Every structure is written in structure tokens, then in C-alpha cells.
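Undergrad: One structure, pasted below without further comment.
The values are calculated or read from the model by the stated rules, or taken from the named source; none is laboratory data. These numbers come from a predicted model, not from an experiment. Cβ sites come from the backbone with ideal geometry, for glycine too, and all protein chains shown count toward neighbours.
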Amino acid sequence: MCLILFSIGIYCILVKRNLIKIIIGIGIAEYAVNLFFILVGYRAQGRAPILAEKEIVQNMVDPLPQALILTAIVIGLAVTVLIVSIAIRIYEKYGTFDITKIRRLRG
Amino acid sequence: MTLIVKTITRLTVGLILLYGIYIVTHGHLSPGGGFPGGVIIALSFIHLMLAFGKDLALKKLSESLASFFESFGAIMFLTIGLLGIAGGYFFFNFVLKGKPFNLFSAGIIPLCNIAICLKVGAGLFAVFVALILLKVPIKKK
Amino acid sequence: MNPVPLPVTHNLLPLFVAIPLGSAFIVSLLGKRVKGFSDTFSNLATFSLFSISLLSLLLVKHSGTVVYKVGGWIPPIGICMVLDSLTSFMLVTINLIAFLVTIYSIGYMERYTAKWKFYTLFLLMLAGMNGVIVTGDMFNLFVFLEIASISSYALVAFGVEHEELEASFKYMVMGIMASLFILLGIAFLYSLTSTLNMADMSRALAKIGDNQTAFFVAALFLMGFGLKAALVPFHAWLPDAHPSAPAPISAMLSGVLIKALGVYALARIFFNVLGITATSSSIFMVLGTISMVLGGLLALGQEDIKRLFAYSSISQIGYVVFAIGIGTPLGILAGLFHLFNHAIFKSLLFLNSGSIEYATGTRDLRKMGGLTSKMPVTGYSSLVGSMSISGIPPLSGFWSKLLIILAAIEAKHFIFAAIAVLVSILTLAYYLKVQRLAFFGELKGSLKGIKEAPLTMKLSMIALSIICLLGGLLLIPGIQKNFLSLATEVLVNGTNYAQIILGSIK
């Protein structure tokens, strides 16, 4: 299922012409990868990996991917913020969101 | 913004801020920690801005102050790490570790969480302010 | 050599990341208030980084591979930082160029507003690059890779003109896709091996043996890191991004970033973690050769001086990847030597183009001419750089290209060797074109009033050209043994990396 999400995201990035849709495509692809990573850590009948007082340690889901994904989500957030701000500036300069019209660089 | 929104905001902003601080400080005991806590704290300020307009929100937390907090949070995080060198390694856990499951346990992790929360909260708020303040002249082609 | 951890000086390793990170935030705090602070502080920071990297060379020689456990946690539970010869080689290269570029920036960035923002982003990028080189943990690699990439996205768009924004956007989209592929690859590797430590991973992969997922992962990594390294067919962002960035950033990007993030990461992962196989070597060689040829051909037709240099970068990185792909010790030695050389002379050339732009305000070759009479330092250093990159003896580029061709012949890849020679002649052709159009010939009327570049810019260019001249000396057996050969050994050792790292943990 994650691969479907991921391919939808990649398709959006490559095919769509509107800048904002490209950005959303990036977001979709990113969530797909993060989701996949978390699923990697799944153990059958596992519980949430949190130790509480007076509780016996039973089958736990792998906590390591969760820490990693937290970091990856934050990185994704930073990247999205940057790309959106650049998109805003582009709109300011070019007056359009269509990437076929934003082609000053040639060769 | 309508009166309903303003009233509700007045009531809930403080609660949101408090909730964010709760998540940050209990980061080592329950899910959460620096990142999500920082986001929630930033949200409380953004909520203010959305309901009351940017002038009031900027009075509460001006942009230069936000930028200061951001760098300060990062430097605090790095300092905690560097101080660990005194104990022998980068990021060494040198502060007292109390009994597990207590609030004041787990060495440097709560301090790290607070540093991160400062940085993330200030950073998000600064970004939001920057995006709002930018006046986009819309050219018609 | 048995690794022996030293009690105090092995704390050197985290400093490579801590110093630029700390300086970045201190500059962002104080750079606005105190005038001239950001300049001096950043230069101090890069200078200290450069000296520490030289120290690290001595450290590795003295005690073999150094493994530094972050926070005292024992790998594979904790993150470790690894200092072996390849690491210190890359560290010296990167920090040297960073230091010279910051000196250059004092003069060049006067034209832009908000210098402190530039230095903050620059130092962050440097922290990311150093982190990529120093880390021994896969996910940590990804994190630092992202730090460096994000800072570079922002830096490319620094002066917010039309072309810069467009180039930065395209670069960002492609860079993000590459990072996603890399993250996906790491996720698959984690599901295969349940560990993120590179040494542990290589051991686990060796146990599993060849299987389909590993192959898929290798393909993903090739796509991801190949894009960061601007290998054909993933090079499309480079000709737009490098020219649009301010000149010191182009120098950093082209001279250092694509090497640290792209080539180093590729080499580290394919040689030390996944284990090099015949298929992967051939893929490297083929992709490298295609990059060489395509970059060279496309560079011939350019009129924008920085775009020409950008295509030339693609071509030279093709050389490096090709040489590393040959797989024999001589090939790897040649590749690493060419990596070092290219960092030096490509940065020199980009800094030159920056000073041309500073003085004349244009990047179009057709509008230039006869600059040497008015700008002697730029002219002569550019001459040295161009001759070196084209492979004219006795400058450094000649030696590295000769070694690459010899290595190809030794491994009986005659066709590839012939292509390498042809591309070298092509390189000479387009650099001669640059020299002729820009520097020699008649001084055009509109350019009569230009002046030479300011002092700091001159200093960096002179320093880099001296290194170009002396680069050939690196092959003298005494020096080579200490510097290049050790780095080669690490890659040749391949999956023995795991033994060395895990063996040194107490």
C-alpha cells in the first residue's frame, strides 16, 4: 500500500504542472516513505513501546523506527517550509505557478 | 475575527501553552518530547495571531525575540552536548539519574527536550510570521 | 594496525560537527548586532576546522582507525563516529576549501545584503558535510545529508533573482526525490538487517548473502546518491543550480558538496557496507564514462562561463566515479587523487568566475575579452586552473588523469581508457575556448574601466593556484604513503571495515 502512495506521489511530482501540486506530490511521497519505515518495525501482537510503572514487559513493537521517523518527519517539515517559501517568491517574481512558463534558464 | 472565535481563544490559548509544556517536560516518560511539544507551543502563539491579528501576537512575542530564542535553544543544546565531553564523551549523560518513571530522572534528556522545544517553537513561529508579513504583489500577466 | 583509543585527543571527532553548528548559531545571534563580526568569526571557525582536520591526519597515522562512541553508548546500540584514513582525507579536502572560500567571501559578499545569513547557512552546510563524512551510522548519515542539502537549497536561492529562484526550486525538487530514495533504501536495509550501524550492517549483509532486496536497495542508493553526485542521467539540476548561486557557493557546491555527499557516500556504502561486486563496478564505470562524455560535449557549446564550468564538473566527477569503479587499488588511488585535485581547481575556477562577475557584471563569454591586462591575478590563476584541469604537465591534473588512464589500461579496459583520453582532449578544447574568449584578445570598450578584485578574493585564488601547482607532489612516495594510499586502503579493504570497527570497541 505504501508503494502505491509513493508512486502516486512521484507521479504527481513528475507530471503536474502547477507548482503547488508538485509540492503536494512531494508531501505525499514523503509520508509514504515514513509510513513504510514505521511498518518495518511492526511485530505481531506488539504493544506500544512505552514502559510504565508496574507493568510487565511484553511483546513490544520496535521502537527504533519510531524515533527515526520523528526525525524524518521534522526534516520533511523543514524541507516543505523552505520549498513553499521559495514557491511564494517565485509567484512574486513570475506571476504564475505554471512550470512550463518558468523557464528562463536554457541549455 | 468573530466574537465567538475571540472568546474561545482567550480561554484556550493558555491551556494550549500549558499542554505543550507538559508534553515537553514529560518527554522521557510518555510519547512526545521536544519536537511535538515545540510545535504545540508555537501553535498557541499562532492561534493568537489567527484570532486577533498579527499586531497583538507580535506584541506578545516579537520576531527578533523569536529569532533570539531559536539560536539560544540551539546553542543550549550544543552546550549540553559539549559539556558531556567533560564526562568523557560527547552527549554523555552526566546529570543525576533518578529512579525511573520519576519526573526528574533520565539525566540530560529533559534539558535537551527543553532546548529543542525552544528552538522548534520559536522557529515555527518565526517562519509563520515571515510568511504572513511578506506582502506579495500579484502581477497579472 | 590495532586501533588504540587515546584518552583526550579522540574527542576531536565531534568537534568537526560541533564547531560549525555552534558557530552558525552564534553568528545568527550576534551577526546582526556587531558589524564585521560574522566575517571574522566564520573565518576563525573554518580556520580552526582546517587545522583540526590536519591534526586528524596525524591522529589516524598514529593510532589507526579511531572509533568514537557518541554519549558513551556502545555500538551497535549507540551511534559511533569513525575516523579512518578515507575520512581524514575527505575532511582535509573539504575544510581546506571551506576555509579558502570563507576568506574569499569576505570580499565577494559585500554586494549582497544580510551577510550574516549567508555565513549561518554556509556554516550549517559545512556542519552537514563534515557530519556525513565522520559518521558511522546509516541514519545519522541521512540526517547530516539533509542538513547539508537543505542549507545548499537555501544558499542557491540566496540573491533572490528570477533565475536563482527557478534553479533553486528545480534543485530542491530533485534533491528531495533523491533524499526520499535514500530514505527508502535505508528503510529496506533496516528491515533486512535490524541495525543501522554501518559496520554491523555489512556483517549482517555478508551473512545473508546475495538477495533480491539487497539488489533493489543498491539500485535505490545508486539513484539517490547518484543524483546528489550529479551522475548522468541524474545530473539535470546541476547546470541550473551551480551558475545561479553566488560564486563562493558555486565553488563549495561544485568543488565539495557533490563530492562529500555524492561520491564519498556512494563509495562508503558500496565498498564498505554492501560489498563491491562485478555488477556494481561495471555500472560505476559505465555511468562514469557517460558522464565524462556528456558533460564534456555539452560544455563545448556554452556561452555562460559558470554554466560551462558546471558541465565540466559533471564530466570530471564522471572521471572520479569511473576510476573508483575500476576497483583495482591503482584505480581507487587515481580516483581519490582526482577528487582532491578537482576540488581544488574547480573551486579556483568558480572563484575566478566570481571575480570576473564582480568586476565586469556579466557571465557571458561573448561579452568578455582581454581581461588579463586589467586583472592579472584572476587571469593567471585562471590559466593555472584551466591547464591543470585539462591535464597539462607538470600541474596536478595531469598526474591524476594519467593515473586514471593507466589504471584503466592495467585493468584491460582499453575502450574506456581511449574514451578517457578523448574526453581529456575535449576538456582542453573548451578550456582553451574560455581562456581565449575571456582573457586574451582585445579588451572590449565597455570593459575599460574595470579593476582587479579586492584583496581577500585575490588571496584565496593565489592560494588555490599554488596548491594546483604543487599538487603533483602528492604522488611522491613519501607523502603518498601517508595521505593517499591510506585512504585507498580503506576502500580496498571493503567489507573488512566491519572487523576493524567492531574490533576496536571495548
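Undergrad: Which residues, counting only those in the range B:2-38, are under 21 Å from residue B:124 (Cβ atoms), within 11 Å of chain A (Cβ to nearest Cβ) and surrounded by fewer than 18 Cβ atoms within 10 Å (Cβ to Cβ)?
TA: The one that is under 21 Å from residue B:124 (Cβ atoms), within 11 Å of chain A (Cβ to nearest Cβ) and surrounded by fewer than 18 Cβ atoms within 10 Å (Cβ to Cβ): B:31.
Undergrad: Answer yes or no: is there a residue in the range C:231-240 that is out of contact with any Asp or Glu (no Cβ under 6 Å at 6 or more places or on another chain), crowded, with 20+ Cβ neighbours inside 10 Å and acidic (Asp, Glu).
TA: Yes: one or more hits.
Undergrad: Next up: Sort through C:156, C:143, C:217, C:134 and tell me the only one that's within 23 Å of residue C:24 (Cα to Cα) and surrounded by fewer than 24 Cβ atoms within 10 Å (Cβ to Cβ).
TA: C:143
Undergrad: Out of the residues in the range A:61-75 that are more than 9 Å from chain C (Cβ to nearest Cβ) and within 13 Å of residue A:31 (Cβ to Cβ), state the one that is modelled with the highest pLDDT.
TA: Out of the qualifying residues, it is A:73.
Undergrad: Go through the range A:76-86 and give me each residue that's of a type in the set (A, V, I, L, M), touching a helix residue (DSSP H, G or I) at 6+ places or on another chain (Cβ under 7 Å) and more than 7 Å from chain C (Cβ to nearest Cβ).
TA: Selection gives A:81, A:84.
The rows are residues; the columns are (1) at pLDDT below 80; (2) assigned to a helix (DSSP H, G or I).
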residue	(1), (2)
B:36	no, yes
B:44	no, yes
B:65	yes, yes
B:89	yes, no
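Undergrad: Identify the single condition in (1) more than 25 Å from residue C:89 (Cα to Cα); (2) more than 14 Å from chain A (Cβ to nearest Cβ); (3) β-branched (Val, Ile, Thr) that residue C:213 does not satisfy, given that it satisfies every other one.
TA: (2)
Undergrad: Residues that are without any contact (Cβ under 8 Å) to a residue 60 or more places away in the chain and either within 30 Å of residue C:457 (Cα to Cα) or surrounded by 24 or more Cβ atoms within 10 Å (Cβ to Cβ) (or both): does the range C:250-265 have at least one?
TA: Step one: list which residues in the range C:250-265 are without any contact (Cβ under 8 Å) to a residue 60 or more places away in the chain, which gives C:258, C:262.
Filter again for either within 30 Å of residue C:457 (Cα to Cα) or surrounded by 24 or more Cβ atoms within 10 Å (Cβ to Cβ) (or both), leaving C:258, C:262.
The answer is yes, given that some residue of the range C:250-265 is without any contact (Cβ under 8 Å) to a residue 60 or more places away in the chain and either within 30 Å of residue C:457 (Cα to Cα) or surrounded by 24 or more Cβ atoms within 10 Å (Cβ to Cβ) (or both).
Undergrad: Of these, C:88, C:149, C:168, which one is more than 10 Å from chain A (Cβ to nearest Cβ) and of a type in the set (Ser, Thr, Tyr)?
TA: Step by step, each of C:88, C:149, C:168 is checked, and only C:88 is more than 10 Å from chain A (Cβ to nearest Cβ) and of a type in the set (Ser, Thr, Tyr).
Undergrad: Considering (1) closer than 30 Å to residue A:88 by Cβ; (2) surrounded by fewer than 24 Cβ atoms within 10 Å (Cβ to Cβ), say which one residue C:118 fails and leave the rest.
TA: Failing condition for residue C:118: (2).
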